[in-house]
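Q: Pasting in a structure now, in C-alpha cells, and then I'll have a few things to ask.
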Amino acid sequence: MKTISVVGSLNVDYMIQTARLPMPGETLFAETFQKMPGGKGMNQAVCCADLGNHVHMIGCVGKDDQGQFLLSKLHEHHVDTSGVYQTNALTGCAFVATSPEDNSIMVVKGANDQVRIAMIDEQADVLLKSDMIIAQFEIPMDTVSYLIDFCYRNQKSLLINPAPVHTLSASDLEKITYLTPNEKEFDFLYREEREQILAANPQKLIMTAGGNGVYAYDGKKLLHIPAEKVEVVDTTGAGDAFNGAFASAIVNGRTFMEALIYANHIAACAIQHFGAQAAIADCEE
C-alpha cells in the first residue's frame with residue numbers, strides 16, 4: 001500500500017443546495033441544507049484513502065465539537081490523524097451554495113491559519129516516508145513555501161493545488177513536482193499563452209477546465225482529456241477528487257496520461273453526488 005501525506009485545510013461545510021445561485025441582492029428559497037466535512041486538504045485526503053492508499057492528514061482543527069466531528073469523519077475513512085493538531089482557534093468552516101451548474105463558497109479559516117512551519121519539521125519522519133505529498137493554499141503561505149522547499153531538498157514528490165490562488169515565486173514554481181490550477185488560477189499564475197506555458201512544463205503543469213476537461217503537455221504534444229458526460233449534482237468536490245485521484249494513480253504506477261484519464265473519471269464520479277466527499281470508493285474504472 002502506498003503512502004500519501006496531505007498538508008492542508010479541514011473545514012466543516014455548511015451546504016445549501018439550490019436550483020441556481022442567487023444574483024447580487026436576490027433572495028431565493030433553497031432546496032436542502034446539510035452539515036458536512038470538507039476543506040480542500042481533508043477532501044483530498046479522504047479521496048486518497050478511499051482509493052486504497054495509506055493517508056496521513058497534517059493540519060489543524062479547534063478544540064470544539066466541530067473539530068471532533070472532523071476527526072471522527074477522518075477515522076471513518078481510515079485516515080491517520082496523528083498529524084492533526086487541536087488548537088485554541090475555532091475549527092475552520094465554509095458556507096457553500098451549490099447548483100447543478102456552479103457553486104459559490106465563503107471560507108472562515110479558523111484553525112487552518114494555525115498550520116505552522118514547525119509542524120512540517122515535527123512531521124518530517126512521516127513526510128519523508130510518503131510516496132507523495134499534497135498541499136493547497138488554504139493554510140498560511142509561508143508554511144506552503146517551507147513545505148515546497150522541504151520536499152525539494154529531500155527529493156519528495158509534491159503536488160500543489162494552488163487554490164485559493166496566491167502568488168508563487170519562480171523558484172517555488174520550479175521546485176513543485178505537479179501543479180494543478182484551474183483556468184482562473186492558471187491565468188493568475190502565468191501571464192503568457194496557455195499552450196506555451198503547458199509545453200514549457202511537461203508532465204508537471206495540469207490545467208483543469210471544469211466541463212471542458214483537462215489540459216497538459218506530455219513532452220511531445222498537448223493533451224486534452226474531455227470531461228465525461230454525466231448527470232451533474234454538485235461540482236463542489238470535483239477539483240479535490242481530481243487531485244486525490246491523480247496523486248493516487250501516480251504513486252500506484254500509472255503513466256502521466258493514464259493518471260489524467262483516471263483522475264478525470266473520478267472527478268466525473270464525484271460530481272454525480274452531493275457534497276465534497278462523494279462516494280469515491282464506489283467509483284468503477
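Q: Of everything in the range 241-275 that's in a loop (DSSP other than H, G, I, E, B) and at pLDDT 90 or above, which residue is nearest to residue 14 (Cα to Cα)? Show your work before the answer.
A: Applying the first criterion (in a loop (DSSP other than H, G, I, E, B)) to the range 241-275 yields 252-255, 271-275.
Filter once more, so that each one left must be at pLDDT 90 or above: 252-255.
On the way: 252: 34, 253: 37, 254: 36, 255: 37 Å.
Among those that are in a loop (DSSP other than H, G, I, E, B) and at pLDDT 90 or above, it is 252.
Q: Which of the residues that make up the range 37-57 are modelled with pLDDT under 95, surrounded by 24 or more Cβ atoms within 10 Å (Cβ to Cβ) and assigned to a strand (DSSP E or B)?
A: Residue satisfying the conditions is 38 alone.
Q: For the range 95-168, list the strands (runs of 3 or more DSSP E) that sit wholly inside it and hold at least 3 residues that are closer than 21 Å to residue 252 by Cα; which are they?
A: On the way: elements: 103-108, 132-136, 158-161.
The strands (runs of 3 or more DSSP E) meeting that bar are 132-136, 158-161.
Q: A follow-up question, please. Among the numbered criteria (1) of a type outside the set (A, V, I, L, M, F, W, C); (2) assigned to a strand (DSSP E or B); (3) more than 16 Å from the chain's Cα centre (by Cα), which single criterion is violated by residue 26?
A: (2)
Q: Can you spot a residue in the range 70-83 that is surrounded by 15 or more Cβ atoms within 10 Å (Cβ to Cβ) and over 14 Å from residue 45 (Cβ atoms)?
A: Step one: filter the range 70-83 for residues surrounded by 15 or more Cβ atoms within 10 Å (Cβ to Cβ), giving 70-71, 73-74, 77, 79-81, 83.
Remaining after also requiring over 14 Å from residue 45 (Cβ atoms): none.
No, the range 70-83 contains no residue that is surrounded by 15 or more Cβ atoms within 10 Å (Cβ to Cβ) and over 14 Å from residue 45 (Cβ atoms).
Q: I'd like the full set of residues that are at pLDDT 95 or above and hydroxyl-bearing (Ser, Thr, Tyr), limited to the range 182-223.
A: Hits for the range 182-223 are 208, 215, 217.
Q: Does the range 146-164 hold any residues that are surrounded by fewer than 17 Cβ atoms within 10 Å (Cβ to Cβ), over 17 Å from the mean Cα position of the chain (by Cα) and not acidic (Asp, Glu), and which are they? Can you show your working first?
A: Of all residues in the range 146-164, those surrounded by fewer than 17 Cβ atoms within 10 Å (Cβ to Cβ) come to 149, 152-155, 164.
Next cut, over 17 Å from the mean Cα position of the chain (by Cα) only: 149, 152-155.
Those that are surrounded by fewer than 17 Cβ atoms within 10 Å (Cβ to Cβ), over 17 Å from the mean Cα position of the chain (by Cα) and not acidic (Asp, Glu): 152, 153, 154, 155.
Q: Criterion first (part of a helix (DSSP H, G or I) and crowded, with 22+ Cβ neighbours inside 10 Å) does residue 60 satisfy it?
A: On the way: part of a helix (DSSP H, G or I): no; crowded, with 22+ Cβ neighbours inside 10 Å: yes.
When the stated conditions are applied, residue 60 does not pass them.
Q: Could I ask something else about it? Could you check, for the range 209-224, whether at least one of its residues is assigned to a loop (DSSP other than H, G, I, E, B), under 16 Å from residue 266 (Cα atoms) and touching a Phe, Trp or Tyr at 6+ places or on another chain (Cβ under 9 Å)? Give the steps one after another, and end with the answer.
A: So in the range 209-224, the residues assigned to a loop (DSSP other than H, G, I, E, B) come out as 209, 213, 218-221.
Among the residues that remain, those that are also under 16 Å from residue 266 (Cα atoms) are: 209, 213.
Next, only the ones that are touching a Phe, Trp or Tyr at 6+ places or on another chain (Cβ under 9 Å) stay: 209.
Yes, the range 209-224 contains a residue that is assigned to a loop (DSSP other than H, G, I, E, B), under 16 Å from residue 266 (Cα atoms) and touching a Phe, Trp or Tyr at 6+ places or on another chain (Cβ under 9 Å).
Q: Give the residue that is surrounded by the most Cβ atoms within 10 Å (Cβ to Cβ), with candidates limited to residues of the range 165-181 that are under 22 Å from residue 267 (Cα atoms) and at pLDDT 95 or above.
A: So in the range 165-181, the residues under 22 Å from residue 267 (Cα atoms) come out as 165, 177-181.
From what is left, the residues that are at pLDDT 95 or above are 177-181.
On the way: 177: 18, 178: 23, 179: 21, 180: 27, 181: 21.
Within the range 165-181, the match that is surrounded by the most Cβ atoms within 10 Å (Cβ to Cβ) is 180.
Q: Based on what the data block shows, is residue 21 modelled with pLDDT under 95, assigned to a loop (DSSP other than H, G, I, E, B) and either of a type in the set (Asp, Glu) or touching a Lys or Arg at 6+ places or on another chain (Cβ under 8 Å) (or both)?
A: Numbers: modelled with pLDDT under 95: yes; assigned to a loop (DSSP other than H, G, I, E, B): yes; either of a type in the set (Asp, Glu) or touching a Lys or Arg at 6+ places or on another chain (Cβ under 8 Å) (or both): no.
When the stated conditions are applied, residue 21 does not pass them.
Q: Of all residues being outside any strand (DSSP E or B) and of a type in the set (A, V, I, L, M, F, W, C) in the range 1-18, which is nearest to residue 147 (Cα to Cα)? Just the residue, please. Lay out the reasoning, then the answer.
A: Initial filter on the range 1-18 (outside any strand (DSSP E or B)): 1-2, 8-10, 18.
Still in the running and of a type in the set (A, V, I, L, M, F, W, C): 1, 10.
Details: 1: 24, 10: 18 Å.
Only one residue fits best here, namely 10.
The values are calculated or read from the model by the stated rules, or taken from the named source; none is laboratory data. The model shown is predicted, which means the values in this text are computed figures rather than measured ones. FYI the Cβ positions are ideal-geometry reconstructions off the backbone, even for glycines, and counts take in every protein chain you see.
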